[in-house]
Amino acid sequence: MKYWDFDTIYRQAPTSEPERQYYFIEKIHAILKDKFQDAVASGNAEKRYGKEKLNELLARKQIGTFMVRTFGCQMNARDSEKLSGILQQAGLAVSEDETADFVIYNTCTVRDNANQKVYGHLGYLQTIKKKNPQMTIALCGCMMQEPTAVKRIQKSYRFVDLIFGTYNIFKLAELLFRCQAEKGTVIDVWESTDQVVEDLPAERKYPFKSGVNIMYGCNNFCSYCIVPYVRGRERSRRPEEILSEIRRLANDGVKEVMLLGQNVNSYGKNLAEPMTFSELLRQVNEVEGIERIRFMTSHPKDLSKDLILAMKSLPKICHHLHLPLQSGSSRILKIMNRKYTKEQYLELVMQIRQAVPDISLTTDIIVGFPGETEEDFEETMDVVRKVRYDSAFTFIYSKRTGTPASIMDNQVPEALVKERFERLLREVQQISSQVCGRDVGAVQEVLVECENDHQEGYVSGRLSNNLLVHFPGDASLIGNLVPVELTEAKGFYYIGKMAKRS
Ligand code: SAH
Ligand code: SF4
Ligand code: F3S
């Protein structure tokens, strides 16, 4: 390998973004290429990748492999696409598993089991790194914003090469460069940011649909939730940036966009020129080539009449609303700092259903919040029975250090929580299996996503309300919207057959 003057390269980097990161992408590419060529010449590359894989890398002018594993929500999934975009631009090939040269875990910390999953996987990574000490292991995302987690990793998982957080994922190339130049674990976790760096590369998991961040962070501080602490204050992207990204995606063949934010209903409030979420939706609806618009998540307290109107009148908006309830007890909702009551939530649901009768409603519910009594829990069951959700994500309350709820002294005993959780789950599943079958016989548009793994000659896709449909068809349909007659309801999905366009 030739001599690399890391200090000079670092000093000469541009200071403005994203130019700085494109500079580091180029540098990291040059360094890795140099290493790779050495490994090819010495025969080590063939030992490492096998002949076939090595030839594939050479043919594609790639210089190594990477994998990004995502834990957590859609926000994290989108961040992972940005990380992958940077790594691909640097000349690395996607790998399906952890035997890659660069492994990044994009972590979640919303509930304790999310953290436990990461620790479990880290044990597994250690055994892989023993076999291939050259590999680089990086951890990023929400869990890394917690000093206790970082300390534990530094102490017990010393084989980790790089730790960064949620605010500086755009800096991946620069951080990888530092990993090449410095000894020991590189740690760069920011406490906050008001920066939104635009125009870096991003890869997409699907060619025909994509998430689009419209805002970052959260200002709501629900008393159980860690997200505002690890994702920082609410920052909206400027509408011009969002729209130009969506136009680019449309030109690239994307038909469906999912607008992402922790609370999309408060989009635009902190912009220099404030703008509402429904205004943004109207503009996205105008983008040619985009045929479906989804969004996530809506906080009930900020859901405006104008948004309901937009959902009713804009043809591209999918008839699906994820409206987290959390609890049906007004008393608990108050302690959760959710800023709505059971009655207000039910009223909202009624208004939405009046405006958009075929809307599919989904929700999130927490069981066992501190102080939850049997009566409180019954209020939640009551809302579930009244609303009849298409589906509901149910969670056992998890204590998050640093949140107000974690120091509330009336934590509910585990056995009681489990018992309530089971009851809720049964109710939710029973209702959704009834609700989900309601459209049997109808013809609806399906965006075809993939060939069906289980049944040859079938493809799978999603309805506007997000339910899956399997129907006979071939790979040429992938990425297209096709009319499908829903012939059979299977609880959480449909079987269908292609219908003539009406
Ligand atoms: N911004 C979204 C939710 C993001 S977190 C919203 O406000 O709706 C996703 C879900 O995880 C939440 O809706 C909540 O139901 C659940 N959750 C968050 N913190 C939790 C905790 N400490 N214990 C259990 N579930 C939690
Ligand atoms: Fe967490 Fe509440 Fe913000 Fe959602 S709105 S991310 S639950 S604090
Ligand atoms: Fe988890 Fe962070 Fe999302 S904590 S749920 S990955 S915002």
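Some points to look at:
- Top positive-direction residue, dipole computed over the range 227-368 with Cβ charges, set Q326, P300, S313: Q326
- Top positive-direction residue, dipole computed over the chain with Cβ charges, set A405, N480, Y345: A405
- For the range 146-152, the Karplus equation 6.51 cos²θ - 1.76 cosθ + 1.60, evaluated at θ = phi - 60°, returns couplings of 9, x, 5, 5, 4, 4, 4 Hz by residue, with Gly and Pro reported as x.
- Dipole magnitude of the chain about its Cα centre (Cβ charges: Lys, Arg +1; Asp, Glu -1), debye to nearest 20: 600 debye
- Distance between modelled label sites at E374 and N270, nm, 7 Å Cα→Cβ extension: 4.4 nm
- Cysteines without a disulfide-compatible partner [the chain; Cβ-Cβ under 4.7 Å]: C73, C108, C140, C142, C179, C218, C318, C436, C450
- Applying 1/(1 + (r/R0)^6) with R0 = 22 Å to the Cβ-Cβ distance of S406 and D364 gives a FRET efficiency near 0.70.
- Close amide H partners of Y494, meaning residues 5 or more places away or on another chain with modelled amide H under 5 Å apart, are L468, V469, H470.
- Among the listed pairs K82/K490; K130/K171; K33/K171, a Cα-Cα separation exceeding 30 Å is found for K82/K490.
- Value of relative contact order over the chain, rounded to a whole percent, pairs C-alpha under 8 Å and six or more apart: 9 percent
- In the range 395-502, the ratio of gyration radius to Kirkwood radius, Rg to Rh, stands at 1.22 when only Cα atoms are counted.
- Per DSSP, loop GluC sites (Glu not before Pro) in the range 12-107 with at most 14 further Cβ within 10 Å: E96
- Sorted peptide list for 461-468, 11-18, criterion being average Cβ within 10 angstrom, highest first: 461-468, 11-18
- Taking θ as phi - 60° and the Karplus parameters 6.51, -1.76 and 1.60, the scalar couplings of the range 235-252 work out to 9, 8, 6, 6, x, 4, 5, 5, 5, 6, 5, 5, 5, 4, 4, 4, 4, 8 Hz in sequence order, x denoting glycine and proline.
- Each label point was placed 7 Å from the Cα along the Cα-to-Cβ direction; for C450 and F393 their separation is 1.9 nm.
- Placed amide H near A93: partners under 5 Å, 5+ positions off or other chain: I63, G64, T65, F66
- Spin-label proximity, R152 to the range 106-126 - amide N less than 11 Å from point 7 Å beyond Cα toward beta carbon: 112-120
- Once backbone amide H atoms are built at 1.01 Å from N, N337 has S223 as its partners under 5 Å, excluding neighbours fewer than 5 places away on the same chain.
- Distance between the C-alpha centres of the range 365-413 and the range 162-228: 30 Å, rounded to the whole angstrom.
- HN-Hα J in Hz across the range 27-34 - Karplus 6.51, -1.76, 1.60, θ = phi - 60°, x for Gly and Pro: 5, 5, 4, 4, 5, 5, 5, 4
- DSSP-assigned coil residues among trypsin sites (Lys or Arg not before Pro) in the range 174-216, each with at most 11 further Cβ atoms within 10 Å: K183
- Sites matching trypsin sites (Lys or Arg not before Pro) across the range 100-169 that sit in DSSP coil, with at most 16 neighbouring C-beta atoms within 10 Å: R158
- Modelled label reach - Q434, point 7 Å along Cα→Cβ, the range 483-499 residues with backbone N closer than 16 Å: 491-492
Each reported figure results from applying straightforward, stated rules to the coordinates on display, with no laboratory input. Just so we're clear, the structure is a prediction, and the values are computed from it rather than from any experiment. Backbone-built Cβ (ideal geometry, glycine too); neighbour counts: all protein chains shown.
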